[in-house]
Amino acid sequence: MEHKQLRWLFLLGLAIVWGSSFILMKLALKGLTPVQVGALRMIIAAVFLLIVGFNKIKLIHKRHWKYILLNALLGTFIPVFLFAYAIQNIDSTIVAILNSLTPLITLILGFLFFGFFFRKIQLLGVSIGLLGTAYLISRSASLNPEDNYWFALAVVIASIGYAFNVNILKKYLSDLDATAIAVGNFLLVLFPAIIVLIGTGFFKQNFTASPILPAIGYMSILAIVGTAIAKIFFNRLVQISSTIFASSVTYLIPIVALFWGVLYGEKIHITQIFAGIIILLGVYLVNRKQHF
């Protein structure tokens, strides 16, 4: 399959998987704390990746490790905790929408720190996408006034981490196997995550209590499919496309999250659907007549 077709397949697949991750976190938080959710997500994903891809570590050269460490901290370790806290305090759909800041931040950081350039049409597309996002946030906030929007800052910080992560991948790790990058990432966060999980008193809990085991089940699905496997595909997507195209997945994620929100009884309005259409227009303009 050609790269042009493959990148769209990856983009849509990641949007579905990551768009579903917010509701999985919400369900997991019924039996676990935000710190436990974040730590378990990394541990389960790390174990899975080390089982299926341990032999890929030999592909990582010494010069790669410092960038993989930055990648692990900014793109994995810090965001998983921030998102868990945000999901606990804000509607899951709103968190997904706020994550749409990532393409704009990626564009700005790429220009300021990584020597990447962008065209006017890309900036226009990102701007339109953000306008749609802002409108969607305002409408959703009016429908969910009980949410604590101070925790929106956690999503913004996580988005900055993701933006750095995408640029680091593109500039310094494009020559490295996508699975090797993912395995390296989670190898580095595995032991810190175990220490954090032990510190929460997780192993002292009564695991026969009804909310805990289902919560671990939800977290396992998210860790294996939404973190480990998705991380490999995202790494590959960055390598075969541009940073802006890859980060545009965060424009599609809210649409999937809105679908799950409706199924789980979250409020939805026609204006939110309209905002989603505006966001998709932004994605189109960002990638219009662009060669990778």
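The values are calculated or read from the model by the stated rules, or taken from the named source; none is laboratory data. From a predicted model like this one, the values you see are computed outputs, not experimental measurements. No Cβ is skipped: glycine too gets one built from the backbone with ideal geometry, and neighbour counts run over all protein chains shown.
Might you let me know whether segment 12-34 holds any residue that is part of a helix (DSSP H, G or I) and hydroxyl-bearing (Ser, Thr, Tyr)? Step through it out loud before you land on a result.
Here is the first cut: in segment 12-34, the ones part of a helix (DSSP H, G or I) are 12-28, 34.
Filter again for hydroxyl-bearing (Ser, Thr, Tyr), leaving 20-21.
Yes - at least one qualifying residue is present in segment 12-34.
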The listed residue being of a type in the set (Val, Ile, Thr), at pLDDT 85 or above, under 17 Å from Ala163 (Cβ atoms) and in a helix (DSSP H, G or I), out of Ile51, Ile78
Ile78
Please work out if Ala152 is surrounded by fewer than 22 Cβ atoms within 10 Å (Cβ to Cβ) and not in a helix (DSSP H, G or I).
no
Scanning for something buried (at least 19 other Cβ atoms within 10 Å of the Cβ), in a helix (DSSP H, G or I), hydroxyl-bearing (Ser, Thr, Tyr) and in contact with a helix residue (DSSP H, G or I) (Cβ under 6 Å, 6 or more places away or on another chain), does segment 265-275 turn up at least one residue?
no
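Let's see how each residue does on (1) within 13 Å of Ala230 (Cα to Cα); (2) under 16 Å from the mean Cα position of the chain (by Cα):
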site	(1), (2)
Leu12	yes, yes
Ala15	yes, yes
Met25	no, yes
Ala28	no, no
Gly31	no, no
Val37	no, yes
Ala45	yes, yes
Leu50	no, no
Has segment 95-116 got at least one residue that is surrounded by fewer than 16 Cβ atoms within 10 Å (Cβ to Cβ), of a type in the set (Phe, Trp, Tyr) and not in a helix (DSSP H, G or I)?
no
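Criterion first (closer than 22 Å to Asp175 by Cβ, assigned to a helix (DSSP H, G or I) and either of a type in the set (Lys, Arg) or modelled with pLDDT of 95 or more (or both)) does Arg41 satisfy it?
Numbers: closer than 22 Å to Asp175 by Cβ: no; assigned to a helix (DSSP H, G or I): yes; either of a type in the set (Lys, Arg) or modelled with pLDDT of 95 or more (or both): yes.
Answer is no for this residue.
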Hey, any hits in segment 173-188 for a residue that's charged (D, E, K, R), modelled with pLDDT of 85 or more and touching a Lys or Arg at 6+ places or on another chain (Cβ under 9 Å)?
yes
Please enumerate the residues belonging to segment 200-228 that are farther than 17 Å from Pro79 by Cα and either of a type in the set (S, T, N, Q) or free of Cβ contacts under 8 Å to residues at least 60 places away in the same chain (or both).
Thr200, Gly201, Phe203, Lys204, Gln205, Asn206, Phe207, Thr208, Ser210, Gly217, Ser220
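Could you identify the single residue in Ile121, Ile87 that is surrounded by 24 or more Cβ atoms within 10 Å (Cβ to Cβ) and either assigned to a loop (DSSP other than H, G, I, E, B) or among the aliphatic types (A, V, I, L, M) (or both)? Lay out the reasoning, then the answer.
Values: Ile121 fails: surrounded by 24 or more Cβ atoms within 10 Å (Cβ to Cβ).
Of Ile121, Ile87, the one residue that is surrounded by 24 or more Cβ atoms within 10 Å (Cβ to Cβ) and either assigned to a loop (DSSP other than H, G, I, E, B) or among the aliphatic types (A, V, I, L, M) (or both) is Ile87.
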